[in-house]
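K.L.:
Encoded as structure tokens, here's the structure I'll be asking about.
The values are calculated or read from the model by the stated rules, or taken from the named source; none is laboratory data. Everything quoted here is computed from the prediction, not taken from an experiment. Note that each Cβ is placed from the backbone with ideal geometry, even for glycine, and that neighbours are counted across all protein chains shown.
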Amino acid sequence: MKKISKKLSKRWGIGPVVIPEPIEMDELMGKVPAGKLFTINDIRAALVKNHKATIRCPITAGIFTWIASHAAEKQGQCGARNITPYWRTLKTGEV
């Protein structure tokens, strides 16, 4: 977790910012129950709660979600059965 600079606080707010790790994004995506859909913003909200932060990095969260989705798709193409259900995580506005 990092403190946000004064310059960026005008745009993003005040307080600690969480920059997720790719594996954390993958784990959160894997927790979306069957029959449910989450947006990336839902996952970002979970990050803030889990890390007791006030701001989450929207850029890295989006990038790492994309990476986890594409890795799971590739694993599925290679025959893996237990992959991250990335199809349950949508970009905001796609629901």
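K.L.:
Quick one: VAL48 ticks every box in (1) over 27 Å from LYS6 (Cβ atoms); (2) part of a helix (DSSP H, G or I) bar one, so which box is it?
P.N.:
(1)
K.L.:
While we're here: Cβ-Cβ distance below 6 Å, separation of 6 or more or different chains: which pairs start in region 72-95 with a residue that is farther than 14 Å from MET25 by Cβ and modelled with pLDDT of 90 or more and end on one that is part of a helix (DSSP H, G or I) and not basic (Lys, Arg)?
P.N.:
Note: pairs meeting the criteria are ILE83/ALA72; ILE83/GLN75; ILE83/GLY76.
K.L.:
May I ask you to list the residues in region 20-32 that are surrounded by fewer than 17 Cβ atoms within 10 Å (Cβ to Cβ), part of a loop (DSSP other than H, G, I, E, B) and in contact (Cβ under 8 Å) with a residue 40 or more places away in the chain?
P.N.:
The initial filter retains those residues of region 20-32 that are surrounded by fewer than 17 Cβ atoms within 10 Å (Cβ to Cβ), namely 21-23, 27, 30-31.
Retained after the next criterion (residues that are part of a loop (DSSP other than H, G, I, E, B)): 21, 31.
Residue satisfying the conditions is GLU21 alone.
K.L.:
Output the residue which, of all residues in region 74-93 that are hydrophobic (A, V, I, L, M, F, W, C) and assigned to a loop (DSSP other than H, G, I, E, B), is nearest to ILE23 (Cα to Cα). Walk me through how you get there before you give the answer.
P.N.:
Going residue by residue through region 74-93, those that are hydrophobic (A, V, I, L, M, F, W, C) are 78, 80, 83, 87, 90.
Next, from what is left, pick out any that are assigned to a loop (DSSP other than H, G, I, E, B): 78, 80, 83.
Numbers: CYS78: 20, ALA80: 18, ILE83: 13 Å.
Restricting to residues being hydrophobic (A, V, I, L, M, F, W, C) and assigned to a loop (DSSP other than H, G, I, E, B), the top hit is ILE83.
K.L.:
For ILE67, are the conditions met, namely being under 16 Å from GLU24 (Cβ atoms) and among the aliphatic types (A, V, I, L, M)?
P.N.:
Details: under 16 Å from GLU24 (Cβ atoms): yes; among the aliphatic types (A, V, I, L, M): yes.
Spelling it out, ILE67 is indeed under 16 Å from GLU24 (Cβ atoms) and among the aliphatic types (A, V, I, L, M).
K.L.:
Give me the residue from region 25-42 that is modelled with pLDDT of 90 or more and among the hydrophobic types (A, V, I, L, M, F, W, C) and, out of that set, farthest from the chain's Cα centre (by Cα).
P.N.:
Going through the qualifying residues, I end up with ALA34.
K.L.:
Between THR92, THR84, which is surrounded by 15 or more Cβ atoms within 10 Å (Cβ to Cβ) and either in contact with an Asp or Glu (Cβ under 8 Å, 6 or more places away or on another chain) or more than 27 Å from LYS6 (Cβ to Cβ) (or both)? Outline the logic, then answer.
P.N.:
Numbers: THR92 fails: surrounded by 15 or more Cβ atoms within 10 Å (Cβ to Cβ).
Unique residue meeting the criteria: THR84.
K.L.:
Can you pull out the residues in region 20-65 that are over 14 Å from THR92 (Cβ atoms) and of a type in the set (Phe, Trp, Tyr)?
P.N.:
Hit for region 20-65 is PHE64, nothing else.
K.L.:
Another one. Out of the residues in region 46-72 meeting the condition of being over 15 Å from TRP87 (Cβ atoms) and within 9 Å of the chain's Cα centre (by Cα), tell me which one is surrounded by the most Cβ atoms within 10 Å (Cβ to Cβ).
P.N.:
Within region 46-72, the subset over 15 Å from TRP87 (Cβ atoms) is 46-64, 67.
Those still in the list that are within 9 Å of the chain's Cα centre (by Cα) too: 46-47, 58, 60-64.
Working: ALA46: 16, LEU47: 19, PRO58: 13, THR60: 15, ALA61: 21, GLY62: 15, ILE63: 14, PHE64: 23.
It comes out as PHE64.
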